[in-house]
2 protein chains.
Amino acid sequence: MNDSKRKYKPRSISGFPELLPEERIVELRWLDTVRAAFESYGFCSIETPSVEEIPVLAAKGGDVDKEIYALHRLAGAADDSDSRVALHYDLTVPLARYVAQHYANLVFPFKRYQIQRVWRGERPQEGRFREFYQCDIDIIDNNAVSIHFDAELPEIVYQILQSLNIGGVSLNINNRKILEGFYKGLGIENTVPVIRVLDKLDKVGAAGVRDLLIETLNLPPPVAEKCLTLAGIRTADSSFMDKVRELSVQSALLEEGLTELDFVMTSVAHKHSGVIFADLSIARGFDYYTGTVYEGKLTDFPNYPSICSGGRYDNLVGAFSGQKLPGVGISIGLTRIFSKLLKEGRIPLGPKGPTDVLVAYIPGETRSLMLETARILRSRGLKVEMYHEERKMDAQLRYAARKGIPYVWFPSSGSRPHEVKDMAAGTQAPADPAIWFPGVKGG
Amino acid sequence: MNDSKRKYKPRSISGFPELLPEERIVELRWLDTVRAAFESYGFCSIETPSVEEIPVLAAKGGDVDKEIYALHRLAGAADDSDSRVALHYDLTVPLARYVAQHYANLVFPFKRYQIQRVWRGERPQEGRFREFYQCDIDIIDNNAVSIHFDAELPEIVYQILQSLNIGGVSLNINNRKILEGFYKGLGIENTVPVIRVLDKLDKVGAAGVRDLLIETLNLPPPVAEKCLTLAGIRTADSSFMDKVRELSVQSALLEEGLTELDFVMTSVAHKHSGVIFADLSIARGFDYYTGTVYEGKLTDFPNYPSICSGGRYDNLVGAFSGQKLPGVGISIGLTRIFSKLLKEGRIPLGPKGPTDVLVAYIPGETRSLMLETARILRSRGLKVEMYHEERKMDAQLRYAARKGIPYVWFPSSGSRPHEVKDMAAGTQAPADPAIWFPGVKGG
């Protein structure tokens, strides 16, 4: 192995992020925070395989094939079963498949959270990765899902984003029924292309959308204008209702959507003023949404892609099942948020590991004394590592300092007591491993 | 979507396990247990991408190509960067690559744990999956890794396996230097093929190994016999030393191996009598091991594959780096253990979710009372879900019972107090959400 010709110099792989230990420790804390919040609302954990059969992945609608990573054996496959699977690109389609497949063993409303990596063969760019964590919660029920869940989800997400301390966020909520009902009320038959065009508002701007509506979809200019006016409505409360009605467009579906969004806004908006908005520009690209849609943004980085998204889908599970199993859910793009704040220097980095106490290697003391000291400290819930080599104390302390270990322990078997050094304070004091605790002096 | 012709009936994918919520909740507890133990010894968490560049994966040695899943885009790749990556089949090679790549940013000895899924294109059979969790801890250091770590690792693994309550286990330890030194002492020049043959002992038995050694490797029958005698040595303490010496084979490397294994056995075996063994049949297939090797088994299922394994590798990081960075590590095959015990009915399954309390939907009470009740209970650390539909109380209680939710809460705004129902006991009593706690009556 010392032949330099045999060495392969590794490089990072574009779109596949990798963290240093001091960064990962924060990411892990974030993942714990998300999980704790999901569980505090009674959502159960599931995980699905990283792969799905390719026909399952096609259920999303839209053109996603080129984003999908399929698997193949590097050399000679023993059978062909691998050639029909590919890595999942989200956690919603796998959930729909899971519910259809395990229907008889689930209790409904089925409330699950799912924190897993997903893969997309996108061109890597800021905020877009090929492998990243998503944190999803969804509720799927027989026949109908209570609208209360549509209101509960932004509440949960808001609490999580607050706990992560990531700075300003906005959670923007809309309802597909408002869009479809409005377009239908304007006499537009096929609403899907209109929604897809409006979804590009962020990218191409109002003028670009207007051109697309008029030139590509052949909408009369006044109709296109009304679509744009609708998309311009954004309110911090239920006042969006009046603004929509001022546009004098009517349809039963529109009314239904307005009522639903009003319910959600009335339930949550007053609690989180300045964060939650009714935003009628939100469309969400995926075809499967049929009601409420959510999109979250970092307000300090308005051009950065959305950090959470989701919505209500009435027919997704139906692609795999005879039952009518509507759902509503939301996904937090944890990697996307974390990587941005890390890059912007907004994530304070601390220690490079979880250790509370380093038990020093003391020349002249027995190894069993040191092992026993570590065992006692560990039995009291402390995270303890041992220095495993007879090195100068300077070197041992330098190791603790470089890793950010807050305390170094000096075991003693003689008449002298054990001592512990507080690395931040630079002080050292006698201590008893059976009763000492960080921040408490002596023992 | 109601057109049955469009439905795709999903099926499980062979080798890619998937759990029901009540199973996953236990798996998650196991993962938490493993993580807590790793952290209690001061190991930091890292994760590496699911993919590595293909030349990196080749560093393992041996013929693994056909087990490796490479990625390709399902449709038209935008660039060719995807074609050079494949899913990792273990966490050791990615670690070696990680250390070489981030060397300047790490503190040594670098002690990391890594709990991730890995992928192998094996023929699915009992205990062999195509996607599964591995839980690895390794130590990598500059120039030399303290032998104390070789003793610490089985200690940690033993504690974890005890906490998981999985029944009888054995941790079998050997040292490659004993094998190589012994074979060299017998005059065998090329020891690698001999180790590979001995590694098949479990599969083909002593007679099969004898045949292979004599017929394929052309060893003289007495030499082959000595190799088999060595492999037959298994002791619960350091008495393996005497048994090896009785075979009258000598080499400096053999002595070194005996001394190292003696150190490990002396450090840990006495604490865990009947669990930890010096087992000179343990070879481990991978070429990269150079000293201590570990292999764990479920003693109730002796024919089941090993449930943990690892060892010391002096040159693996060197494949990617100019530095000499030896390491030692061990990997727990969590999916392999879990799936076997689940199949054998040894894992008691409980609730289908984490919820402590279900807040019932009470006709006539305001929604805000119910929301506030849930909020108060949650603020006290309880996991609380709300029943979000106005249904008969029977239906609500049935939901709680089917999910295994232990308490159902009945909010009240009038002069009557709130009440809580203990589902197991079938009792119902007044309670105050601000002070009630599970198992404590009244409030």
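Within the range A:209-224, take every residue that is of a type outside the set (A, V, I, L, M, F, W, C) and not in a helix (DSSP H, G or I) and give me the one that is surrounded by the most Cβ atoms within 10 Å (Cβ to Cβ).
Taking the range A:209-224 and keeping what is of a type outside the set (A, V, I, L, M, F, W, C), we get A:210-211, A:215-216, A:218, A:220-222.
Then drop every residue that is not not in a helix (DSSP H, G or I), which leaves A:218, A:220.
Numbers: A:Asn218: 9, A:Pro220: 12.
Of everything passing the filter in the range A:209-224, A:Pro220 is surrounded by the most Cβ atoms within 10 Å (Cβ to Cβ).
Results for (1) surrounded by fewer than 20 Cβ atoms within 10 Å (Cβ to Cβ); (2) more than 13 Å from the chain's Cα centre (by Cα), shown as yes or no for each residue.
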residue: A:Leu95; (1), (2): no, yes
residue: A:His102; (1), (2): yes, yes
residue: A:Lys111; (1), (2): no, yes
residue: A:Trp119; (1), (2): no, yes
residue: A:Phe132; (1), (2): no, no
residue: A:Cys135; (1), (2): no, no
residue: A:Asp150; (1), (2): no, yes
residue: A:Pro154; (1), (2): no, yes
residue: A:Gln159; (1), (2): yes, yes
(message) Residues that are in contact with a Lys or Arg (Cβ under 8 Å, 6 or more places away or on another chain) and over 26 Å from B:Tyr183 (Cα atoms), at least 2 per element: which strands (runs of 3 or more DSSP E) completely within the range B:230-336 meet that?
(response) none
(message) When you scan the range B:109-129, do you find a residue that is at the interface with another protein chain (Cβ under 8 Å from one of its Cβ atoms), outside any strand (DSSP E or B) and within 22 Å of B:Tyr313 (Cα to Cα), even just one?
(response) yes
(request) Among the candidates A:Pro302, A:Pro406, A:Pro326, single out the residue that is under 27 Å from A:Ala151 (Cβ atoms) and free of Cβ contacts under 8 Å to residues at least 60 places away in the same chain. (result) A:Pro302
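Give the residue, chosen from B:Asp314, B:Asp287, B:Asp356, that is under 22 Å from B:Lys200 (Cβ atoms) and within 13 Å of another protein chain (Cβ to nearest Cβ).
Values: B:Asp314 fails: under 22 Å from B:Lys200 (Cβ atoms); B:Asp356 fails: under 22 Å from B:Lys200 (Cβ atoms).
Exactly one residue qualifies, and that residue is B:Asp287.
Here's the yes/no breakdown for (1) farther than 30 Å from A:Val107 by Cβ; (2) facing chain A (nearest Cβ under 7 Å); (3) free of Cβ contacts under 8 Å to residues at least 60 places away in the same chain:
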| residue | (1), (2), (3) |
| --- | --- |
| B:Gly15 | no, no, no |
| B:Leu31 | no, no, no |
| B:Val34 | no, no, no |
| B:Tyr41 | yes, yes, no |
| B:Ser45 | yes, yes, no |
| B:Thr48 | yes, yes, no |
| B:Val51 | yes, yes, yes |
(message) Every residue in the range B:233-263 that is β-branched (Val, Ile, Thr) and in contact (Cβ under 8 Å) with a residue 60 or more places away in the chain, please.
(response) B:Val244, B:Val249
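If you go through the range B:335-353, how many residues are among the β-branched types (Val, Ile, Thr) and more than 12 Å from chain A (Cβ to nearest Cβ)?
Step one: list which residues in the range B:335-353 are among the β-branched types (Val, Ile, Thr), which gives B:335, B:337, B:347.
Still in the running and more than 12 Å from chain A (Cβ to nearest Cβ): B:337, B:347.
Of the residues in that region, 2 qualify.
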(request) May I ask you to list the residues in the range B:349-371 that are modelled with pLDDT of 95 or more and not hydrophobic (A, V, I, L, M, F, W, C)? (result) B:Gly350, B:Pro351, B:Lys352, B:Gly353, B:Pro354, B:Thr355, B:Asp356, B:Tyr361
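For the range B:57-95, which residues satisfy the criterion of being at pLDDT below 85 and acidic (Asp, Glu)?
At the first step, the residues of the range B:57-95 found to be at pLDDT below 85 are B:58-66, B:74-83.
Selection gives B:Asp63, B:Asp65, B:Asp79, B:Asp80, B:Asp82.
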(message) I need a count of the residues in the range A:159-197 that are closer than 15 Å to A:Val249 by Cβ, among the aliphatic types (A, V, I, L, M) and part of a helix (DSSP H, G or I).
(response) 3
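Does the range B:345-378 hold any residues that are among the charged types (D, E, K, R) and in contact (Cβ under 8 Å) with a residue 40 or more places away in the chain, and which are they?
Taking the range B:345-378 and keeping what is among the charged types (D, E, K, R), we get B:346, B:352, B:356, B:365, B:367, B:372, B:375, B:378.
If the condition is that a residue be among the charged types (D, E, K, R) and in contact (Cβ under 8 Å) with a residue 40 or more places away in the chain, then B:Arg346, B:Lys352, B:Asp356, B:Glu365 are the ones that fit.
The values are calculated or read from the model by the stated rules, or taken from the named source; none is laboratory data. Everything numeric here is computed off the predicted structure, so don't read it as measured data. Every residue, glycine as well, gets a Cβ built from its backbone with ideal geometry; the counts of neighbours run over all protein chains shown.
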